[in-house]
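Asks: Sharing a structure here in structure tokens format.
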């Protein structure tokens, strides 16, 4: 009988130990540095000041493909001026672009608006010639100093993807490139580049 009582006592102690261990207050936590910590969420990058490099006055050397998506390799080059400034304490910005080209005078304007929830920019282009703002906007963000912005639009009766790429080489120079794709973004044809040099 004594042996039976000892077995029952041992069983009760083990059962009680298991019950206590399973309660939240008694649960053990993994020691720091053990590798078992819950991974911390990476905070979203704040991009409100992505375009600060562009503020000011610039001379712009343009190189433009005359007939995109035709297999043509005929380019024209011309110079322009651009002035960019912030709006809404940096949550938006705009620039005014002006140039004389072989095909006529160009006056245009870009408006960029930052979406703080999506951490992305929407870019709209308007021209005095058309008297309209272009839609849809080109949308994207900066990563590692390179800004990529995309939209889907019609071009000469074809549905294409358009891409803008912004890079800032220094405080006094930056570059913009426009490219089109007819195969869903697998390949791209660059058709307009702008090399910006800050006015002193």
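Asks: Where the Cα atoms of the stretch 57-198 are projected onto their three principal axes, how long is each span, largest first, in whole Å?
Replies: 43, 33, 32
Asks: Could you give the nm distance between label points at residue 143 and residue 72, where each point is 7 Å from its Cα heading toward the beta carbon?
Replies: Each label point lies 7 Å from its Cα, and together they span 3.4 nm.
Asks: Additional query: Bin by bin, in steps of 10 Å, what percent of the Cα pairs in the stretch 62-124 do you find, going until the bin that has the longest distance?
Replies: Histogram of Cα-Cα distances, whole percents per bin: 18, 34, 29, 18, 1.
Asks: Next question, about the same structure. Run the simple label-point estimate for residue 115 and residue 189 please: 7 Å along Cα→C-beta, distance reported in nm.
Replies: Computed distance between label sites residue 115 and residue 189 equals 3.0 nm.
Asks: For the modelled label position 7 Å from the Cα of residue 155 along Cα-to-Cβ, which residues of the stretch 94-120 have backbone nitrogen atoms closer than 20 Å?
Replies: Inside the label zone: 103, 108-111.
Asks: Please arrange 163, 146 by counting, for each residue, the other beta carbons lying within 10 Å of its beta carbon, fewest first. Display every interim value, and only then the final one.
Replies: Details: 163 19, 146 11.
Neighbour counts put them in this order, fewest first: 146, 163.
Rule-based calculations on the coordinates, nothing more; no lab input. These numbers come from a predicted model, not from an experiment. Note that we place each Cβ from the backbone using ideal geometry, even for glycine, and neighbour counts take in every protein chain shown.
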